[in-house]
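See below for the structure under consideration.
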Amino acid sequence: MKKILLILGMTLVLTGGLPTSAKDRTSGKEKTEKIKFGYDGGMMLHTGYLQGTIPQISHQAKGMPLGIGGAIKFHIGKHFRVGSEGYVSNLKQLKNGSTVKFGWGGILADCRFHCGFLMPYVGVTIGGGARTSSLMLKGNINDWEKEEEFIFNKQLFLAVAPFVGTDFVVTQKFHLTLKVDWLNAIAGGNLLMPTGPRIYFGFLMYH
């Protein structure tokens, strides 16, 4: 997942020279018109609430995850955007160092609208990732004793994540954003647990 975030950051830097205006001549007069292509990108923190049973070990996983990630979106016209995003989300379990971690990324498409200082949007991300479960069913992380009941499992999945959110326009170049999504992690035809809504808050730079 570090590679995904690095790629997003490099893309923002390398595309920093994208043009934002074009010149057109009408009746011998030169005027400037805004090109309808641009891009935006930034970082987001997230939490939410996940729950569900991991059936292989009958473990009920639930709680509020913490995570970070980022996105970049290229504008096509006034309303449509395509791009990519990637996140890591960590859910602590059992109060003994156990975790269920999701890392995923993919291609996104959304539609945005302009309502004064608000810019609501709705879209979907399709891609893939992995769920990593590190569960110590009995034991203590503060000692140096060998633990007999520790489970480690990593499972790849297809990611489908519909989302809805809104930008808060601070300036033309700087927006805050609030988003809610629901990651559907599908492996072998089954939905991997735990699942639930995630709430994102972050900043975006517009170019």
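The values are calculated or read from the model by the stated rules, or taken from the named source; none is laboratory data. Remember, predicted model here, so these are calculated numbers, not experimental data. All Cβ positions, glycine included, derive from the backbone under ideal geometry; neighbour counts span all protein chains shown. The protein model used for the area step is the full one, side chains on, heavy atoms only, and it has no ligands, DNA or RNA in it. Shrake-Rupley method; radii C 1.70, N 1.55, O 1.52, S 1.80 Å.
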Test: Asp110 is under 15 Å from the mean Cα position of the chain (by Cα) and on the phi < 0 side of the Ramachandran plot: yes
Scope the range 113-133; condition of a type in the set (Ser, Thr, Tyr) and under 14 Å from the mean Cα position of the chain (by Cα); matching residues: Thr125
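Residues Gly83, Gly67, Gly41: which one is open to solvent by less than 10 Å² (accessible area, probe 1.4 Å), modelled with pLDDT of 95 or more and under 24 Å from Arg112 (Cβ atoms)?
Values: Gly83 fails: open to solvent by less than 10 Å² (accessible area, probe 1.4 Å); Gly67 fails: open to solvent by less than 10 Å² (accessible area, probe 1.4 Å).
From the options Gly83, Gly67, Gly41, the qualifying one is Gly41.
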